[in-house]
Amino acid sequence: MENAGNPIITEVELKNVHKTFMNHNEAIHVLKGISGKVPKGSILTIIGPSGSGKSTILSLCNLLITPDEGEVHIQGKEVRKWEVQELRRQVGIAFQNAPMLTGTALENLTLPARLQGRTLDNPEKYMEYVGLSKDLLTREAKELSGGQRQRLSLARTLVNNPSVLLLDEVTSALDSISGHEIEELILRLNREQQTTILWVTHDLAQAERVGDQTWLIMDGRLIEAAPTKQFFAEPKEAKTKQFLDMKRENK
Ligand code: ADP
């Protein structure tokens, strides 16, 4: 963790968070009292079975949804007290399929600035940072390869210089070489900008490689939260051991 020697500042905190969705008149209690802290500048990896509530946790951190009960604090301030555009500048999000709008890479890259009524002075700088040629700026974003789109998606988030980055399976649609390159890019961002990262991944090896802390979410509950090395080497909870064994057997 980059904070070694410095006092630990909490960047993201969940306090007894509950979330229920209505699905065809049926209430699904998706998060059942999640509490935890993420220190500034650290990487939290979030693992767990599909449908256990991992993406829902991310969505709560930048007001894509709100909790029914409990609180989510970013930099000590509850999300509902933030002005939503300001919160989303501070808390960026990137998804598995790196969704792009119709238009060129440049139009996609400059979108966050345009939404704020400003112009982006040097789009080339962001392209260079994420390892994309500036020649791609004039290309249709939807025609870029999966790896290029994910780089562009991260560049678009970086325009706001976010303090927190929420990553939802950002490498799982990519081949292993592109996936590793994106992983390296995110780690560099964390190192150079001290960006706090909440990283949902189904790839256990990745969760172990990149995390400072790891959470296991099952059926809307936080089963185990521990420093990543300890989480994988000496899990404390029987459910964690079972989950890790099951995933390792299925490899
Ligand atoms: P995970 O990321 O662990 O795969 P999600 O957080 O995406 O899990 O979803 C948890 C559960 O909540 C799933 O059953 C999903 O169908 C449901 N869910 C998620 N978002 C919504 C929504 N907007 N409306 C209704 N149900 C939802």
Give, in nm to one decimal, the length gained when the segment between residue 246 and residue 119 is fully stretched (0.36 nm per residue of separation minus the Cα-Cα distance).
40.7 nm
Can you give the relative contact order of the chain as a percent, counting alpha carbon pairs under 8 Å and 6+ residues apart?
25 percent
Share of Cα-Cα pairs in segment 1-63 beyond 13 Å, in percent?
70 percent
How far apart, in nanometres, would the label points at residue 35 and residue 221 be if each is projected 7 angstrom from Cα along the Cα-to-Cβ direction?
1.5 nm
Are any of the pairs 19/236; 32/54; 15/247 more than 21 Å apart by Cα-Cα distance, and if so, which?
19/236; 15/247
Calculated [θ] (222 nm, deg cm²/dmol) that DSSP helices of n ≥ 4 give over the chain, each run adding -39,500 (n - 2.57):
-10000 deg cm²/dmol
Mind checking which lysines have their C-alpha under 21 Å from residue 134, skipping anything on the same chain fewer than 8 residues away?
125, 142
Would you please name the GluC sites (Glu not before Pro) within segment 79-128 that are DSSP coil residues with at most 13 other C-beta atoms within 10 Å of their C-beta?
83
Theoretical FRET efficiency, 1/(1+(r/R0)^6), r = Cβ-Cβ of residue 101 and residue 172, R0 25 Å, to 0.05:
0.70
So how far, in whole Å, is the C-alpha centre of segment 138-162 from the one of segment 40-91?
22 Å
Contour excess over end-to-end distance, with Cα ends at residue 205 and residue 16 and 0.36 nm allotted per residue
65.2 nm
Give the whole-number value, in cubic angstrom per residue, of the convex hull volume spanned by the C-alpha atoms of the chain.
145 Å³
Degrees separating the helix 176-193 axis from the principal Cα axis of the chain, which is the longest one
90 degrees
How much of the DSSP bridge set in the chain is antiparallel, in percent, rounded to the nearest 5?
60 percent
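All of the numbers you see were taken from the coordinates with simple rules; none came from a lab. If you're wondering where the values come from, they're calculated on a predicted model, not measured in any experiment. Cβ coordinates were reconstructed from backbone atoms using ideal geometry, including for glycine residues, and neighbour counts include every protein chain displayed.
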